[in-house]
Amino acid sequence: MNAYVGTPTSRVDGRAKVTGAAKYAGEFAPDGLVYGFVVEATIPCGRIVRLDTSEALEVNGVLDVLTHAHRPPLADNDEAWKDEVAPEGSPFRPLYDDSIKFNGQPIALVVADDWETAKFAATLVRVEYRQQAFATDLEPERGNAAEMDKPHQPRGDAATALVRAAVRHEADYAFATDLEAERGNAAEMDKPHQPRGDAATALVRAAVRHEADYVVPTEHHNPMELYASTVVWEGDGRLTVYDKTQGVQNVHKYLCSVFDKKPEDIRVLSPYVGGAFGSGLRPQYQVVLATLAALALKRSVRVVLTRQQMYGLGYRPMTIERVALGAKPDGTLDAVTHEAIAVTSRYEDFSRNDTGWAEQLYKSPNTRFSHKLVHLDVSTPCDMRAPGAASGVCALECAMDELAAALKLDPIELRLKCYSDRDQTEDLPYTSKQLRECYARGAEAFGWSTRNPTPRSTREDKELVGWGMATGVWEALQMPVAARIVLTANGHAEVSCAASDIGTGTYTIVAQVAADALGLPIENIDVKLGDSSLPQAPVEGGSWMAASSAHAVLGAAEDIRQELARLAKAMPGSPLADIPSADVILVDGTIAGKGQKSGTVSIADAMRHGKLERIEKQKLNQFAEDKSHARNTHSAVFAEVKVDEQLGVIRVTRVVSAVAAGRILNTKTGRSQIMGGVVWGIGMALHEETAMDHRFGRIMNHNIAEYHIPVNADIHNIEVIFVEERDDRINRLGVKGIGEIGIVGVPAAIANAVYHATGKRVRRFPITVDKLLA
Ligand code: MOS
């Protein structure tokens, strides 16, 4: 029975959200709540010499000012600070010591009776910075000076990084925050994709070659909800932590190890999350600060970062993507090389798969991929929607468009010439890959066949009209997730799991799957999520939560079915007595025989007879180990732009995104997911860029007035097509996940449309007026 799965079911949490009943981390208000405000460092690298809090402490209403020199204990080893998605390296420890690793680093927390007082007093905290005296740290490192000149020790400790430049005055202190200037200092990462053939030679010999750099700037997530934590003091050092996070159990484990607490002493909840997009995968520093303050004051404390302060956490790292393509005159590829050079901090090696997506998309006998890191005096980047692919596929798909132009081939035709039915990384077939169908359906909906291939060929009044397209690809991952179902005799079920719903619709799909599997109306299903005490779940990310949680629910529901079948069959005169257990199904709120017309048993009767008021089952999902197939989602994105020739203003008037992502559990929330990805892709193409003043290593546009994101007026017609993709191999429901595929390919489709409209190729994102008119 499929009453709900696959249908456009409205969000089960929608009403709570629009009425304000849904509470977010910064909205819980326990008795005696006090407020923390963060003081940030104003230099990118160095040490705190003096931190004078006396003036701040004199302010009426200020309770305390926590600093590295005045705080409860924190763990002193990297292991304790590593969360479940921490990259290699030494995680940042807020208020740990006097070292400054990035501009905007938290260096003090002012705690006061109210937020305004804390905010005001924070301006009175006096800080003096200086280069650390070298006497103890410098000498042992001196012999390494040559190596330090290449500032790419993959994960040298912070002290070492600090002594790099021995100078007498703060202003002279050497630091680097500019990726392009430091490009030559990139260090190579482990290659996720082995080279095949001889790409260098093949490129030289190729009949047609295209090679270029594409630059994706640093971008910040800017979720609507601010980064926030409310820590409730429950007495005796026990804490309830409301946190904006994508993983309550990740934060729970982290807080326990950082604060040396027993698991039962801390409970972490994130019932609702107002957008996160990867920014809440790792624990955010405000949860450490709020916990520190709660332990110091033995009171409940809330810390909400300001929009500006949020720029002191993770971001999409700036990358220089160099793509080279070599082709035969007919458009078949001979060689693909893709090198990414990305920013990371001095203390952690954050990297994602930017390169290597061509292995999944395009047949080529010769390939080489590499990912290099440049270590700079900035905070560590983090995941941001489709990390790696959003940037890397953007470059690849712009390059494919440029190659198509050089070959005088239609961009879709080129992609079909190179279409790969196998993932060339390990030469595997796909569980399913309906990318061809995405091209066909998307092109048809868009009207691609009427496109005049010549750039600048179409004009409407003062605007040049351009059409571009690109391919999108992402992974179809699944992770261990457990769900618990408690069924009560009145035919209501509570389904629970620790997973957070970051706005993606997890509450709703969990309810849909449970309702179908239990044969109950969706109104009878209560879903509890985002609580560390519930059955296990990893962070919600990577587009893996829909498939993972759905199959956990399915497993628990199957155990409930078996229990009900046993009870129903055992009833005196049961109409199901002769029906094999496997053929007993749950449908329309009853227990029935598969294909049987008559004789059902009500859940209430079966449970009453079994003397049970509730049946509780918990199950960990189980996916068959299958290394014989690649698992991916795909899309074909088509964009129309209209460009004012005099002003250079670009409007994205139409986008069609045709997505093949297995079975879509909810076509309504699913469509919203893809639309959100398209909107963000428009942002990547035309608006978003974190601008840093490299003289100070300080972000200049740390607000959503100057960090541009698309607004309503920038968004026109977006059409989402879910291409049917039946996948019996990937998992029982055939679900792949769609959290990230929506953004991939969109920036390239728009850049390609801008080229088609104007004849001008902008390879440095975002495509702003100045670049277009230059
Ligand atoms: Mo996603 S960037 O894994 O939240």
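For Met479, state whether it is of a type in the set (A, V, I, L, M, F, W, C), modelled with pLDDT of 95 or more and within 22 Å of Glu719 (Cα to Cα). Here the answer is no, as Met479 does not meet what is asked. Right, Asp334: in contact with a strand residue (DSSP E or B) (Cβ under 6 Å, 6 or more places away or on another chain) and within 16 Å of the ligand (Cβ to nearest atom) or not? It is false that Asp334 is in contact with a strand residue (DSSP E or B) (Cβ under 6 Å, 6 or more places away or on another chain) and within 16 Å of the ligand (Cβ to nearest atom). Taking the options Ser432, Ser449, Ser420, name whichever one is loosely packed, with under 15 Cβ neighbours inside 10 Å and among the polar types (S, T, N, Q). Just one listed residue meets the conditions, Ser449. The set of residues in segment 482-501 that are within 14 Å of Ala557 (Cβ to Cβ) and either at pLDDT below 95 or touching a Lys or Arg at 6+ places or on another chain (Cβ under 8 Å) (or both) comprises Ala482, Ala483, Arg484, Ile485, Val486, Leu487, Glu494, Val495, Ser496, Cys497. Residues in segment 278-311 that are within 21 Å of Val539 (Cβ to Cβ) and among the small types (Gly, Ala, Ser): Gly278, Ser279, Gly280, Ala290.
Within segment 357-367, the set of residues being touching a Ser or Thr at 6+ places or on another chain (Cβ under 7 Å), in a loop (DSSP other than H, G, I, E, B) and surrounded by 24 or more Cβ atoms within 10 Å (Cβ to Cβ) is empty. The single condition among (1) in contact with a Phe, Trp or Tyr (Cβ under 8 Å, 6 or more places away or on another chain); (2) within 16 Å of the ligand (Cβ to nearest atom) that His551 does not satisfy is (2).
Select from segment 349-388 the residues that are under 27 Å from Asp427 (Cβ atoms), in contact with a Lys or Arg (Cβ under 8 Å, 6 or more places away or on another chain) and within 14 Å of the ligand (Cβ to nearest atom) and list them in ascending order. Scanning segment 349-388 gives Pro387, Gly388. What residue, among those in segment 49-70 that are assigned to a strand (DSSP E or B) and touching a Ser or Thr at 6+ places or on another chain (Cβ under 7 Å), is surrounded by the most Cβ atoms within 10 Å (Cβ to Cβ)? The selected residue is Val65. Among the residues of segment 260-311, just one is out of contact with any helix residue (DSSP H, G or I) (no Cβ under 7 Å at 6 or more places or on another chain), crowded, with 24+ Cβ neighbours inside 10 Å and of a type in the set (Lys, Arg), namely Arg282. Take the conditions (1) surrounded by fewer than 24 Cβ atoms within 10 Å (Cβ to Cβ); (2) in contact with a Leu (Cβ under 8 Å, 6 or more places away or on another chain); (3) part of a loop (DSSP other than H, G, I, E, B); (4) not β-branched (Val, Ile, Thr); Asn353 misses just one of them, which is (2).
Pairs are defined by a Cβ separation below 7 Å, a sequence spacing of at least 6 or placement on different chains, a first member in segment 368-387 that is touching a residue at least 12 places away in the same chain (Cβ under 8 Å) and part of a strand (DSSP E or B), and a second member that is aliphatic (A, V, I, L, M) and within 16 Å of the ligand (Cβ to nearest atom); the pairs so defined are His371/Ala342; Leu373/Ala342. Filtering Ala406, Ala390 for residues that are among the hydrophobic types (A, V, I, L, M, F, W, C) and surrounded by fewer than 21 Cβ atoms within 10 Å (Cβ to Cβ) leaves a single hit, Ala406.
Every test in (1) in contact with a helix residue (DSSP H, G or I) (Cβ under 8 Å, 6 or more places away or on another chain); (2) surrounded by fewer than 16 Cβ atoms within 10 Å (Cβ to Cβ); (3) outside any loop (DSSP other than H, G, I, E, B) is passed by Lys17 save one, and that test is (1).
Any chance segment 257-265 includes a residue that's away from the ligand (no atom under 16 Å from the Cβ), part of a helix (DSSP H, G or I) and among the aromatic types (Phe, Trp, Tyr)? Break it down into steps so the answer makes sense when it comes.
From segment 257-265, those away from the ligand (no atom under 16 Å from the Cβ) are 257-265; that's our starting set.
Filter again for part of a helix (DSSP H, G or I), leaving 257-258, 263-265.
Next cut, among the aromatic types (Phe, Trp, Tyr) only: none.
No, segment 257-265 contains no residue that is away from the ligand (no atom under 16 Å from the Cβ), part of a helix (DSSP H, G or I) and among the aromatic types (Phe, Trp, Tyr).
Residue pairs whose Cβ atoms lie under 6 Å apart, separated by 6 or more positions or on different chains, with the first residue in segment 547-575 and at positive phi and the second surrounded by 24 or more Cβ atoms within 10 Å (Cβ to Cβ), do not occur. Once segment 518-547 is narrowed to residues that are within 13 Å of the ligand (Cβ to nearest atom) and under 19 Å from Arg484 (Cβ atoms), the residue that is surrounded by the fewest Cβ atoms within 10 Å (Cβ to Cβ) is Pro538. Does segment 500-513 contain at least one residue that is in contact with a helix residue (DSSP H, G or I) (Cβ under 6 Å, 6 or more places away or on another chain), charged (D, E, K, R) and under 24 Å from Arg11 (Cβ atoms)? The answer is yes; a qualifying residue exists.
Checked against (1) of a type outside the set (Ser, Thr, Tyr); (2) in a loop (DSSP other than H, G, I, E, B); (3) in contact with a Lys or Arg (Cβ under 6 Å, 6 or more places away or on another chain); (4) at pLDDT 95 or above, Pro94 meets all criteria but (3). Being touching a residue at least 24 places away in the same chain (Cβ under 8 Å), under 32 Å from the mean Cα position of the chain (by Cα) and surrounded by fewer than 21 Cβ atoms within 10 Å (Cβ to Cβ) is the requirement here; does Pro73 meet it? Against the criterion (touching a residue at least 24 places away in the same chain (Cβ under 8 Å), under 32 Å from the mean Cα position of the chain (by Cα) and surrounded by fewer than 21 Cβ atoms within 10 Å (Cβ to Cβ)), Pro73 qualifies. Of the residues making up segment 692-723, not one is surrounded by 14 or more Cβ atoms within 10 Å (Cβ to Cβ), without any contact (Cβ under 8 Å) to a residue 60 or more places away in the chain and among the small types (Gly, Ala, Ser). Which one is farthest from Gly235 (Cα to Cα), of the residues in segment 20-48 that are surrounded by 18 or more Cβ atoms within 10 Å (Cβ to Cβ) and hydroxyl-bearing (Ser, Thr, Tyr)? Looking at residues that are surrounded by 18 or more Cβ atoms within 10 Å (Cβ to Cβ) and hydroxyl-bearing (Ser, Thr, Tyr), I get Tyr24. Restricting attention to segment 342-357, the residues being touching a helix residue (DSSP H, G or I) at 6+ places or on another chain (Cβ under 6 Å) and among the aliphatic types (A, V, I, L, M) number 0. Flag: Thr506 does not match the condition of being hydroxyl-bearing (Ser, Thr, Tyr) and surrounded by fewer than 24 Cβ atoms within 10 Å (Cβ to Cβ).
Residue by residue, here is whether (1) more than 15 Å from the ligand (Cβ to nearest atom); (2) at pLDDT 95 or above; (3) more than 17 Å from Ala499 (Cα to Cα) holds:
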position: Val215; (1), (2), (3): yes, no, yes
position: Pro223; (1), (2), (3): no, yes, yes
position: Asn250; (1), (2), (3): no, yes, no
position: Val304; (1), (2), (3): yes, yes, yes
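Number of residues in segment 192-205 that are surrounded by 19 or more Cβ atoms within 10 Å (Cβ to Cβ) and either outside any helix (DSSP H, G or I) or in contact with an Asp or Glu (Cβ under 6 Å, 6 or more places away or on another chain) (or both) equals 2.
The values are calculated or read from the model by the stated rules, or taken from the named source; none is laboratory data. Owing to the predicted nature of the structure, the values given are computational and were not obtained by experimental measurement. Please note: Cβ atoms are built from the backbone with ideal geometry, for glycine as well, and neighbour counts cover all protein chains shown.
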